[in-house]
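Let me begin by presenting the structure, written as structure tokens, before commenting on it.
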Amino acid sequence: MANKAKVISLEEAKLLRDEGWMAADLHVHTTCSHDVIPTSALKPEALYNKALRAGMDFVAFTDHDTVEAYDILGWERDKLVTGVELSIRDDEVVGHTIHLNVYDFTKNQFQEMEEISSIGDLMGLLAYLNRSSLTYTYNHPFWFEPGEKPNLSAAFSIMELFPVVEYNRHRAQRKNEIVVELAQKFAKGLTATTDTHSGRVGEIYTLSKGVEFGEYFRHIRERDAYIVVTALTKEEIVKEMNAWIDLLSHQGLFQSDDVISTGLGYMDRILGVMTGGTFRNFPRLRRCIMNLCRKLSCSGIPASLYLRSEGSLVPEIEEQLSVVLGKRF
């Protein structure tokens, strides 16, 4: 194989699966994440079984700054790999919040990572991960926390600190293309993940070699791997929004502290209002409202707005990309 990761389709992946390549969706959220709807379909046990049915050879849950899913499932189970999505804001090195996934660690190691992350010491955290021989990725490099001012130059420069970067299903196609281009030019490994908050585990994934997870991830790091992806289209976003609406339509899901976070900002605000305290106490009205939400979703308007929002930074990212490539080549 050429010394770079290859992007392939789901159809091409089937042939490699028949040859023994291993598959994993390494960014999946359960009800243990604060922004996942508390329904039984998204509990760790349900998603573990769903991932296996989807043909995943390894199952990793990456809830936000918590390993509660493993406390529920047990830390040792067939094909289960420990995982977490850590949030860290290092004002000196980066200036905005970044997310990274870490895998294959113990509970004591998680507690040590959590302590370092809480003080915003990115370099200290990476030093700890390397010292402990842990596997980790830089998640969605061109995603930025709402309300934070993005530091695009930092997003590019810290990419060099990570052995593997992520192609994330929820990000604009051009952002992902830039991640792939940078990974290939700077010899970084690539993973493809759903980052699902709605149970759509395994719909895109990473193919690599290795019966054990350590070997599987080593091949990713060495760029002897494939990412199996589909484009983020308006139709795909509508499908994702409708999946959220279906989950929200179930009885008994609504609590006063629920956070609606589909990752689709415009729809989040609509659903947040419609499932708020006033409507929560009137089931018939709530059903009508959810039907209206579905009609709005199917119109494609929120999806178009999301794609426009996701693409808003692309010109600036392209400009920064030319600067980075000009310095390096």
Handout entry: With Cα atoms, 0 to 90° folded angle of helix 314-328 axis to the chain main axis
Key = 10 degrees
Problem - Spatially proximal aspartates and glutamates relative to K234 (Cα-Cα < 20 Å; intrachain offsets below 8 disregarded) - result: E177, D195, E203, D246, D268, E310
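So what's the back-of-envelope 222 nm ellipticity for the chain, counting only DSSP H runs of four-plus at -39500 (n - 2.57) apiece and dividing by all residues, rounded to 500? Intermediate results must be reported in sequence, preceding the final value.
Working: 14 runs with 145 residues, N = 329.
About -13000 deg cm²/dmol.
Mind giving me the FRET efficiency for I72 and K239? R0 is 30 Å, r the Cβ-Cβ distance, nearest 0.05 is fine.
On the way: r = 28 Å, r/R0 = 0.94.
With a Förster radius of 30 Å, E is 0.60.
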Exercise for the section: Could you give the C-alpha radius of gyration of segment 43-141 expressed as a fraction of 2.2 N^0.38 Å, taking N as the number of residues it contains? Expected result: 1.11
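For a quick protection proxy, order the peptides 163-176, 42-55, 206-219 by their average other-Cβ count within 10 Å, most packed first. Show your work: numbers first, answer last.
Working: 163-176: 22.3, 42-55: 17.6, 206-219: 19.6.
Top to bottom by mean Cβ count within 10 Å: 163-176, 206-219, 42-55.
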Fill in the blank from the handout: Scoring the chain by relative contact order with C-alpha pairs under 8 Å, at least six apart, yields a percentage of 20 percent
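Among the DSSP beta bridges whose two residues both lie in the chain, what percent are antiparallel, rounded to the nearest 5?
Details: 17 of 32 bridges.
Around 55 percent antiparallel, to the nearest 5.
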Handout entry: Leading residue at positive end of dipole, the chain (Cβ point charges), from N49, H219, Y306
Key = Y306
Problem - GluC sites (Glu not before Pro) restricted to DSSP loop in segment 104-161 with at most 11 other C-beta within 10 Å - result: E148
Handout entry: Proximal lysines relative to K149, as straight alpha-carbon distance under 23 Å, when same-chain residues fewer than 8 apart are discounted
Key = K175
Problem - Alpha-carbon centroids, segment 173-205 and segment 15-66: separation in whole Å - result: 16 Å
Fill in the blank from the handout: Taking Cα atoms only, helix 44-53 is inclined relative to the longest principal axis of the chain by an angle, in degrees rounded to 10, of 70 degrees
Handout entry: Helix axis angle, 301-310 relative to the chain longest principal axis, alpha carbon, degrees
Key = 30 degrees
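Each reported figure results from applying straightforward, stated rules to the coordinates on display, with no laboratory input. This structure is a prediction, so every number in the text was calculated from the model and none was measured. Note that each Cβ is placed from the backbone with ideal geometry, even for glycine, and that neighbours are counted across all protein chains shown.
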